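What follows is one structure encoded as structure tokens, with my remarks underneath.
The values are calculated or read from the model by the stated rules, or taken from the named source; none is laboratory data. Not measured: the values here are computed from a predicted model. Here the Cβ is made from the backbone with ideal geometry for all residues, glycine too, and neighbour counts use every protein chain on show.
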Amino acid sequence: MKQFLTSSEFIDFEHPLVRQKAAELANSANTEHDVIRNAFYFVRDQIKHSSDFKLNPVTCKASDVLLHGTGYCYAKSHLLAALLRANGVPAGLCYQRLSVSHADVPPYCLHGLNAVYLKEHGWYRIDARGNKPGVAAEFCPPLESLAFKVRPPSERDLPEIWTEPLPVVVHCLSTHSTYDEVLKNLPDVQLWV
């Protein structure tokens, strides 16, 4: 579990802003479950999804997401992982491969979310993307309530739990300077049958 508790370039919970917000979220919690719930709802509801709100700048590091109050799903997952890790809760990054049109036809893109280790349930996926009409994710373990349901065979839940963001995600967020450029160039991975 050690690798799911470390600070890094993109999950930079050693940054003073991230440390301060993590402490604030933990102060109003009585249990680890409360800490996770507080962090999830903070990122889901208080950090605006860049595309939904047409916001710049494009963020990638957890501290930048917090500073600017906006991020794509990937960046929001970096912040949630940082807030949880800062409070000693193992957290990783997960991805789904979804149709951009939500009709299981090309083009496809990755969607970023998190997995958190719950002592009573094991790894549990949470999706702090941000709710809107037709998209609703909740924190209600042991049931998963994610923003999107996949439609096989082309859409998939990727089974891995990553300690760091995928390079294709970092490349997308670091090479495009506006939310609409990212939207036109969403990252994807090739799936093998």
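Under the condition of being among the charged types (D, E, K, R) and surrounded by fewer than 21 Cβ atoms within 10 Å (Cβ to Cβ), which residue from region 43-60 is nearest to LYS119 (Cα to Cα)?
Pass one, region 43-60, residues among the charged types (D, E, K, R): 44-45, 48, 52, 54.
Checking the rest, the ones that are also surrounded by fewer than 21 Cβ atoms within 10 Å (Cβ to Cβ) come to 45, 48, 52, 54.
Numbers: ASP45: 25, LYS48: 30, ASP52: 34, LYS54: 38 Å.
In this case the residue turns out to be ASP45.
Within region 27-54, can you find the residues that are in a loop (DSSP other than H, G, I, E, B) and within 17 Å of the chain's Cα centre (by Cα)?
Our first condition is that a residue be in a loop (DSSP other than H, G, I, E, B); within region 27-54, this holds for 28-31, 47, 54.
Across region 27-54, the qualifying residue is only ILE47.
Out of (1) over 26 Å from VAL18 (Cβ atoms); (2) touching a helix residue (DSSP H, G or I) at 6+ places or on another chain (Cβ under 7 Å); (3) part of a strand (DSSP E or B), the odd one out for LEU98 is which?
Status for LEU98: all satisfied but (2).
Has region 80-101 got any residue that is polar (S, T, N, Q), under 21 Å from SER145 (Cβ atoms) and modelled with pLDDT of 95 or more? Before the answer, list the steps.
Initially, region 80-101 is screened for residues polar (S, T, N, Q), giving 87, 96, 99, 101.
Now drop any that are not under 21 Å from SER145 (Cβ atoms), which leaves 96, 99.
Of the ones still in play, those that are also modelled with pLDDT of 95 or more are 96.
The answer is yes, given that some residue of region 80-101 is polar (S, T, N, Q), under 21 Å from SER145 (Cβ atoms) and modelled with pLDDT of 95 or more.
Restricting to region 171-193, name every residue that is under 17 Å from ASP52 (Cα atoms) and of a type in the set (D, E, K, R).
Across region 171-193, the qualifying residues are ASP180, GLU181, LYS184.
Looking at the structure I just gave you, is PHE40 surrounded by fewer than 24 Cβ atoms within 10 Å (Cβ to Cβ), under 21 Å from HIS15 (Cβ atoms), of a type in the set (A, V, I, L, M, F, W, C) and modelled with pLDDT of 95 or more? Spell out the reasoning first.
On the way: surrounded by fewer than 24 Cβ atoms within 10 Å (Cβ to Cβ): yes; under 21 Å from HIS15 (Cβ atoms): yes; of a type in the set (A, V, I, L, M, F, W, C): yes; modelled with pLDDT of 95 or more: yes.
So PHE40 passes the test.
Can you tell me which residue within region 61-73, out of those that are among the hydrophobic types (A, V, I, L, M, F, W, C) and touching a Gly at 6+ places or on another chain (Cβ under 8 Å), is surrounded by the fewest Cβ atoms within 10 Å (Cβ to Cβ)?
The first filter runs over region 61-73 and keeps only residues among the hydrophobic types (A, V, I, L, M, F, W, C), leaving 62, 65-67, 73.
Adding the requirement that they be touching a Gly at 6+ places or on another chain (Cβ under 8 Å) leaves 65, 73.
Details: VAL65: 27, CYS73: 25.
The qualifying residue surrounded by the fewest Cβ atoms within 10 Å (Cβ to Cβ) is CYS73.
Given (1) under 24 Å from LEU191 (Cα atoms); (2) surrounded by 16 or more Cβ atoms within 10 Å (Cβ to Cβ), where does VAL105 come up short, assuming only one miss?
So VAL105 meets the others, but not (2).
Listed residues LYS119, LYS132; which is touching a helix residue (DSSP H, G or I) at 6+ places or on another chain (Cβ under 8 Å), among the basic types (Lys, Arg), under 29 Å from THR6 (Cβ atoms) and touching a residue at least 12 places away in the same chain (Cβ under 8 Å)? Working first, answer last.
Details: LYS132 fails: under 29 Å from THR6 (Cβ atoms).
Every option except LYS119 fails the conditions.
From LEU113, LEU146, LEU183, LEU173, which residue is surrounded by 13 or more Cβ atoms within 10 Å (Cβ to Cβ), in contact with a helix residue (DSSP H, G or I) (Cβ under 7 Å, 6 or more places away or on another chain) and free of Cβ contacts under 8 Å to residues at least 60 places away in the same chain? Steps first, please.
Details: LEU146 fails: in contact with a helix residue (DSSP H, G or I) (Cβ under 7 Å, 6 or more places away or on another chain); LEU183 fails: free of Cβ contacts under 8 Å to residues at least 60 places away in the same chain; LEU173 fails: free of Cβ contacts under 8 Å to residues at least 60 places away in the same chain.
Testing whether each residue is surrounded by 13 or more Cβ atoms within 10 Å (Cβ to Cβ), in contact with a helix residue (DSSP H, G or I) (Cβ under 7 Å, 6 or more places away or on another chain) and free of Cβ contacts under 8 Å to residues at least 60 places away in the same chain leaves just LEU113.
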